[in-house]
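What follows is a single structure, written as structure tokens, with notes after it.
Just so you know, all these numbers are worked out from the coordinates, no wet-lab data involved. Every value quoted in this text rests on a predicted model; they were computed, and no experiment measured them. All Cβ positions, even for glycine, are placed from backbone atoms using ideal geometry, and neighbour counts span all protein chains on display.
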Amino acid sequence: METVSLLIPCYNEQESLSFLYAEINKLTSKLSGYNFELIFVDDGSKDLTLKIIKQYAASDSRVKYLSFSRNFGKEAAIYAGLSHCGGDYTALLDADLQDPPELIEQMLESIKTEDYDCIAARRTTRAGEPPIRSFFANLFYRLINKLSNIEIVNGARDFRLMKRDVVNSIVSMNEYNRFSKGLFGWVGYKTKWISYENVERVAGQTKWSFWKLFLYSIDGITAFSTVPLAFASVIGVLFFLIAVISIIFIIIRTSIWGDPVAGWPALVCIILFVSSIQLLCLGIIGQYLAKTYLESKKRPVYLLRETNIESN
Ligand code: UDP
Ligand code: MG
């Protein structure tokens with residue numbers, strides 16, 4: 001019998017877990033032709049999340065858990081879970097039921113009967129999301145798809161079902177700065193997208209503030225594109241050309257009409273403009289340098305505090 005691993009990153013999800021566990025049980029009893037393995041990754045929760053998961057594990061041998069020493073972020077939780085899951089298929093889903101477990105039945109059906117390695121979900125609407133957030137999200141997807149050569153689908157969630165090969169490929173990328181949507185795109189494989197209506201989280205609060213999402217989008221762009229680095233060179237060449245033309249223009253004008261000293265406000269504006277562009281470029285280089293610095297330390301992506309998975 002084939003095994004399906006369900007991987008669930010959890011950070012302060014005490015309110016949602018019981019709903020999720022009930023839904024998963026509904027799904028697993030329906031799909032009796034498969035073995036299931038439930039891997040809960042407790043990402044350093046400060047509430048009763050770990051305690052609840054341990055209660056499930058005590059009465060349900062399918063439940064495995066990994067608990068981090070602190071909050072390392074969802075990306076680290078995904079990496080830890082993928083490194084420890086043993087199923088022929090692995091489904092990654094959120095703890096808040098925004099990724100409806102019942103879709104996994106349809107995903108399994110597709111992956112078995114059609115020639116796909118990965119079935120991924122995307123939401124069709126951004127209903128229930130503040131308009132400003134949707135605006136910036138759309139802008140981000142447009143930008144990253146222009147700047148990098150991997151395709152990142154707008155509205156794609158991390159919710160997906162993967163074959164073993166895909167999981168192994170993702171795990172083999174052990175970089176420190178992890179941007180899953182990019183990693184999934186980078187490894188390739190045949191992916192089928194299924195659409196579903198956005199649903200609100202069942203309980204609890206989202207862990208993503210606008211600022212966190214903004215920083216995450218910058219991480220995504222620097223991780224998968226070096227185009228911003230070329231920006232400095234392009235702007236440099238452009239300004240050089242403008243400077244040469246201006247110098248020629250001023251020499252000619254002065255030799256014909258003389259040199260009335262005027263125009264210092266314009267000069268101040270130009271100095272401010274050029275130095276702000278220089279700072280912007282320095283900032284861009286700094287972003288990449290910081291990423292290189294963090295990678296070069298080779299720190300572990302996460303630290304485990306507790307688990308019931310025996311290491312092999
Ligand atoms: N999550 C996590 N670590 C974090 C933040 C979130 O493991 O630092 C988990 C969270 O428990 C949930 C999933 O990632 O299962 C998605 O988080 P959330 O629902 O807050 O994000 P949203 O759906 O609002 O994008
Ligand atoms: Mg959510």
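Would you mind getting me the FRET efficiency between ASN35 and LYS146? Use the beta-carbon distance for r and R0 = 41 Å, nearest 0.05.
Values: r = 43 Å, r/R0 = 1.06.
That pair, ASN35 with LYS146, gives E of 0.40.
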What is the diffusion coefficient of the chain in µm²/s, taking the Kirkwood radius over Cα pairs and the Stokes-Einstein relation at 20 °C with a viscosity of 1.002 mPa s? 96 µm²/s
Need one number: nm distance between label points at ASP115 and VAL199, each 7 Å from Cα along Cα→Cβ, rounded to one decimal. 3.3 nm
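On a full-extension model of 0.36 nm per residue, what is the gain between LEU304 and ILE285, subtracting their alpha-carbon distance, rounded to one decimal in nm?
Numbers: separation 19, 0.36 × 19 = 6.84 nm, distance 3.33 nm.
Extra length from LEU304 to ILE285 when fully extended: 3.5 nm.
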Restricting to DSSP H runs of at least four residues, report the calculated mean residue ellipticity at 222 nm for the chain, -39500 (n - 2.57) per run over all residues, nearest 500 deg cm²/dmol. -17000 deg cm²/dmol
When the Cα centres of segment 18-73 and segment 280-300 are compared, how far apart do they sit, in Å? 35 Å
Amide H proximity to ILE39 below 5 Å, modelled H, separation 5+ or other chain, gives LEU6, LEU7, ILE8, LYS64
Could you tell me which of rounded, prolate or oblate describes segment 1-41, using a ≥ b ≥ c as the square roots of the eigenvalues of the alpha-carbon gyration tensor, with rounded for a/c under 1.5 and, failing that, prolate when a/b is larger than b/c and oblate otherwise? oblate
Would you look at the GNM of the chain, springs on alpha carbons closer than 10 Å, and say which of VAL268, VAL227, VAL199 moves the most? VAL268
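Helix by helix, which DSSP H runs in the chain go 27 Å or more along their axis at the Cα atoms and have an average Kyte-Doolittle hydropathy of -1.0 or more?
Values: long enough: 227-257 (44 Å, 2.41); 264-297 (48 Å, 1.22).
Those that clear 27 Å and a mean of -1.0 are 227-257, 264-297.
Among LEU294, LEU103, which comes first, then next, by fewest other beta-carbon atoms within 10 Å?
Values: LEU294 13, LEU103 18.
Exposure proxy ranking, most exposed first: LEU294, LEU103.
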What nm value, rounded to one decimal, do you get for the distance between SER134 and VAL274 when each label is placed 7 Å out toward the C-beta? 4.5 nm
HN-Hα J couplings of segment 153-159 from phi, Karplus 6.51/-1.76/1.60, θ = phi - 60°, integer Hz, Gly and Pro as x? 6, 5, x, 5, 9, 7, 5
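Among bridges DSSP assigns within the chain, what percent are antiparallel (round to 5)? Numbers along the way, then the final one.
Values: 11 of 34 bridges.
Around 30 percent antiparallel, to the nearest 5.
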Please list, or write none, the aspartates and glutamates whose alpha carbon is within less than 18 Å of the alpha carbon of LYS181, excluding same-chain residues fewer than 8 places away. GLU75, ASP94, ASP99, ASP117, GLU151, ASP158, ASP165, ASP219
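Quick one: order TRP193, TRP264 by neighbouring beta-carbon count within 10 Å, fewest to most.
TRP264, TRP193
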Of LYS112/LYS207; LYS30/LYS192; LYS163/LYS297; LYS51/LYS192, which sit over 25 Å apart, Cα to Cα? LYS112/LYS207; LYS163/LYS297; LYS51/LYS192
Would you work out if segment 41-145 is rounded, prolate or oblate? Take a ≥ b ≥ c from the square roots of the eigenvalues of the alpha-carbon gyration tensor; rounded if a/c is under 1.5, else prolate when a/b is larger than b/c, oblate otherwise. oblate
